[in-house]
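Visitor: Before we start, here is the structure in question, set down as structure tokens.
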Amino acid sequence: MQATLSYRHRVITDADVVFIRRLVAENPQCSRRRLSEKLCEVWNWVQPNGALRDMVCRGMMLMLHRRGLIELPPVRQVGRSALGARGGGLGRDKPAAVSVEQTPLIMSLAELGPLQIRQVRRTPEEALFNSLLQQHHYLGYSQPVGEHLKYLVFAAGRPIACVAWSSAPRHLGSRDRFIGWGAQARLHNIRLLAYNTRFLILPWVRVPHLASHILARMTRMLSADWQQLYAHPIYFVETFIDPQRFAGTCYRAANWTVMGQTTGRGKDAPTRAVNRSIKQVLGYPLVKDFRQRLSQLDSMAALPLSA
């Protein structure tokens, strides 16, 4: 290789490329997915909960393939029945439409009654979550990559809201300045942040203060759910707001802080010119000593919330 390559902070050596070529050649029957799983097993490339980082590994292998350094097998067709089994929304395929009752709910929060918030990733209700986002969120649905959780909010047995969380962006200047961590601490502890990627109140639901109430409930349960699935807590959450569309009132009402704004450039932008809309960046700490925990470089940073 002419220059040192890296992917998600993993350096890729000439010896690594030779090994991957041999792995592909020795397993001609394997799909790209199975090859990535085999490579993760050999490299012990795993998440904190022990699950293989096979999706990240596939991204790395695709990068090497596009650069002509390895030759991957052709992409295999995936049947729609397989997509449905995974809850819909894989790649560019849209989730199948699911019908729900759309009788208007126009009332006070007290009249709405108790809410039930369920984490639905890897459950039969995941397909409903994906469908509602695709049908009713202005950004639609896209399958998250990496660590993520999906929540449905119910009232009187009816779904009324969807909330999605995923791994936080690695580089975000306003957020990094607010936390005050260095580059090494960010690299070590970025997994302890979560990003609110979607928040949808279904359009026929008109309940004042519902959105801020849901946000407050979510921040009390998110870390424990993340710990259960990914074996580490969450200490800080963040989101983006497009000020041309929204004022972010519900986040402010839930005591989220405006930390700054994005640069308006994508992570792979070739120049410093603005190439997308500028967003406000809001954040909320889940523990009081979040700056201290997120600035540490040892395992103490990932103590549970009760520590």
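Visitor: With respect to residue 233, is the statement that it is assigned to a loop (DSSP other than H, G, I, E, B) and under 15 Å from the mean Cα position of the chain (by Cα) true?
Guide: Details: assigned to a loop (DSSP other than H, G, I, E, B): yes; under 15 Å from the mean Cα position of the chain (by Cα): yes.
Judged against the criteria, residue 233 is a match.
Visitor: Answer with yes or no whether residue 199 is closer than 20 Å to residue 282 by Cα and either touching a residue at least 40 places away in the same chain (Cβ under 8 Å) or hydrophobic (A, V, I, L, M, F, W, C) (or both).
Guide: Values: closer than 20 Å to residue 282 by Cα: yes; either touching a residue at least 40 places away in the same chain (Cβ under 8 Å) or hydrophobic (A, V, I, L, M, F, W, C) (or both): yes.
When the stated conditions are applied, residue 199 passes them.
Visitor: Still on this model: Quick one: what pairs do we get from the stretch 208-223, first residue in contact (Cβ under 8 Å) with a residue 12 or more places away in the chain, second of a type in the set (Phe, Trp, Tyr) and in a helix (DSSP H, G or I), C-beta under 9 Å, 6+ apart or different chains?
Guide: Sorted first by the residue in the stretch 208-223, then by its partner, the pairs are 211/251; 212/251; 215/251.
Visitor: Within the stretch 163-183, does at least one residue satisfy the condition of being out of contact with any Ser or Thr (no Cβ under 8 Å at 6 or more places or on another chain), surrounded by 19 or more Cβ atoms within 10 Å (Cβ to Cβ), among the hydrophobic types (A, V, I, L, M, F, W, C) and in contact (Cβ under 8 Å) with a residue 60 or more places away in the chain?
Guide: For the stretch 163-183, residues out of contact with any Ser or Thr (no Cβ under 8 Å at 6 or more places or on another chain), surrounded by 19 or more Cβ atoms within 10 Å (Cβ to Cβ), among the hydrophobic types (A, V, I, L, M, F, W, C) and in contact (Cβ under 8 Å) with a residue 60 or more places away in the chain: present.
Visitor: Another one. Answer with yes or no whether residue 117 is among the aliphatic types (A, V, I, L, M), modelled with pLDDT of 95 or more and within 25 Å of residue 234 (Cα to Cα).
Guide: Numbers: among the aliphatic types (A, V, I, L, M): yes; modelled with pLDDT of 95 or more: yes; within 25 Å of residue 234 (Cα to Cα): yes.
Judged against the criteria, residue 117 is a match.
Visitor: Yes or no: the stretch 289-300 includes at least one residue that is among the hydrophobic types (A, V, I, L, M, F, W, C), at pLDDT below 90 and at negative phi. Give the derivation first.
Guide: Let us first name the residues in the stretch 289-300 that are among the hydrophobic types (A, V, I, L, M, F, W, C), namely 290, 294, 297, 300.
Narrowing the set further to residues that are at pLDDT below 90 leaves 297, 300.
Adding the requirement that they be at negative phi leaves 297, 300.
Yes, there is a match, as at least one residue in the stretch 289-300 is among the hydrophobic types (A, V, I, L, M, F, W, C), at pLDDT below 90 and at negative phi.
Visitor: Residue 156 - would you say it is among the aliphatic types (A, V, I, L, M), surrounded by fewer than 20 Cβ atoms within 10 Å (Cβ to Cβ) and modelled with pLDDT of 90 or more? Break it down into steps so the answer makes sense when it comes.
Guide: Working: among the aliphatic types (A, V, I, L, M): yes; surrounded by fewer than 20 Cβ atoms within 10 Å (Cβ to Cβ): yes; modelled with pLDDT of 90 or more: yes.
Yes; evaluated as a whole, the condition is true for this residue.
The values are calculated or read from the model by the stated rules, or taken from the named source; none is laboratory data. Only a predicted model underlies this, so the values are computations on that prediction, with no experimental measurement involved. Cβ atoms come from the backbone with ideal geometry, glycine included; neighbour counts cover every protein chain shown.
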